[in-house]
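The values are calculated or read from the model by the stated rules, or taken from the named source; none is laboratory data. Just so we're clear, the structure is a prediction, and the values are computed from it rather than from any experiment. Note: ideal-geometry Cβ built from the backbone for every residue, glycine included; neighbour counts use all protein chains shown. Quick note on the areas: whole protein, heavy atoms, side chains included, nothing else; ligands and nucleic acids left out. Shrake-Rupley method; radii C 1.70, N 1.55, O 1.52, S 1.80 Å.
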Amino acid sequence: MKDNTQSHNRIDGRRVAGRILDQCRAFIETNGPRGCLVSVSIGDVPEIEVYVRNQERGAASAKLPFETRFWPGDITQDEAKARIQAMNDDRHVLGIILQRPVPDHINLRSLQSAIHPLKDVEGMNPASIGSIVYSNVALAPCTAAASVELIKETGLDFKGLEVIMIGHSEIVGKPAAMMLMAEGATVTVYHHVTRSVAMHSRRADVGVVAMGIPHFLSPDMIKPGAAVIDIGINQIDGPDGPPQIVGDVDTGAVAEIASWVTPVPGGVGSVTMAILMRNATLAHQRQVAAGWMD
């Protein structure tokens, strides 16, 4: 079977990300950077490094100051929370990025809740996620927002669009479903007790896949001409060498059937980073409106 991942039906996430970053840069050039993004890593977690580097590059492209802070792995919950609260009060901190994973003794959700919603550029505070229920998606979780952005790239009309969200996590599947409903789409959410995913996915105009299972979505599970948004990032053994990064979609095979498909890498991940920078500019505007900035 031929590999269509570079064909006309590939949604180029890097191009979409570039456009978003251009908009962010234009905003910063007009309004000036009034604070920096602060990345917080707790403990020595090598797999975080690639995310931090990508965020740092994105910030540089958007002309946003970016600072990395490394906290010791044995920091207490109370001390970590106190440091976050100090950043909430610091006018020079525009937004806080809490890298994951964190050590086992740290309650991640509690720390996410400690980040003030106006500085929650990742959209992880329960208040930020809860606002989506009321169609207030200004500071939405970045990956969920990226999936919606990529569906918009197809030009499909959201009104009445049939979408299946395969995966129902609190930071991707559920908020993405809410955001899609706010756009007028009809959304079916697959979860672990759903009977026959294919029965639902074959009738959907759009499939958004966030399962964490390599090549979960196969061609026989989609409607011909559908759009497929692949959120998965999985590492598998390469056939003849080093490990490979693949998504939750059997991209080459699905591209034979779908009208649009996002590649991995170069799809949702690229746009997620750009959405983070867009959230930073929105945080800037909200902080100015709240009187936190001149």
Treating only the Cβ atoms of Lys and Arg (+1) and Asp and Glu (-1) as charged, compute the dipole magnitude of the stretch 85-205 about its Cα centre; round to the nearest 20 debye. 300
Work out how much length Lys152 to His192 would gain on full extension: take 0.36 nm times their residue separation and subtract the Cα-Cα distance, in nm to one decimal. 11.6 nm
Long-range Cα-Cα pairs in the stretch 143-294 (distance over 19 Å), rounded percent: 54
Cα shape, the stretch 99-219, gyration tensor, a/c 1.5 rule: oblate
For the stretch 34-77, what's the relative contact order in percent, using C-alpha pairs closer than 8 Å and at least 6 residues apart? 60
Largest-first ranking of Ser41, Ser218 by accessible area, probe 1.4 Å, whole protein assembly kept, is Ser218, Ser41
Can you tell me the orientation of helix 13-31 relative to the chain, as the angle in degrees between its alpha-carbon axis and the longest Cα principal axis, to the nearest 10? 30
Compute the acute angle (0 to 90°) between the alpha-carbon long axis of helix 268-289 and the principal axis of greatest extent of the alpha-carbon atoms of the chain; round to the nearest 10°. 40
Net charge around Phe27, counting only other residues with Cβ within less than 11 Å of its Cβ (Lys, Arg = +1; Asp, Glu = -1)? +1
Can you give the net charge of the other residues whose Cβ lies under 11 Å from the Cβ of Ala226, counting K and R as +1 and D and E as -1? +1
Acute angle (nearest 10 degrees) that the helix 77-88 long axis makes with the longest principal axis of the chain, alpha-carbon atoms: 80
Average the reciprocal distances over every distinct pair of alpha-carbons in the stretch 1-146, invert the result, and give the Kirkwood radius in Å. 16.8
Just want the answer: with Cβ charges of +1 for Lys and Arg and -1 for Asp and Glu, which residue in Met293, Pro265, Val254 is farthest toward the dipole's positive end in the stretch 229-294? Met293
Once you charge only the Cβ atoms, +1 for Lys and Arg and -1 for Asp and Glu, what is the size of the charge dipole of the chain about its Cα centre, to the nearest 20 debye? 720
Taking amide H atoms as placed 1.01 Å from N in the peptide plane, list the residues 5 or more away in sequence, or in a different chain, whose amide H sits under 5 Å from that of Val228. Gly207, Trp260, Val261, Thr262
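Got the relative contact order for the chain handy, in percent, Cα pairs under 8 Å and 6 or more residues apart?
Relative contact order for the chain comes out at 23 percent.
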The list (i) 28, 26, 18; (ii) 28, 23, 19; (iii) 33, 21, 19 gives values of semi-axes √(5λ) of the Cα gyration tensor in Å, and only one came from this structure; which label was calculated from it? (iii)
Could you let me know the centre-to-centre spacing of the stretch 163-212 and the stretch 20-81, using Cα atoms, in angstrom? 30
Counting Lys and Arg as +1 and Asp and Glu as -1, what is the net charge of the other residues whose Cβ lies under 12 Å from the Cβ of Ala60? +3
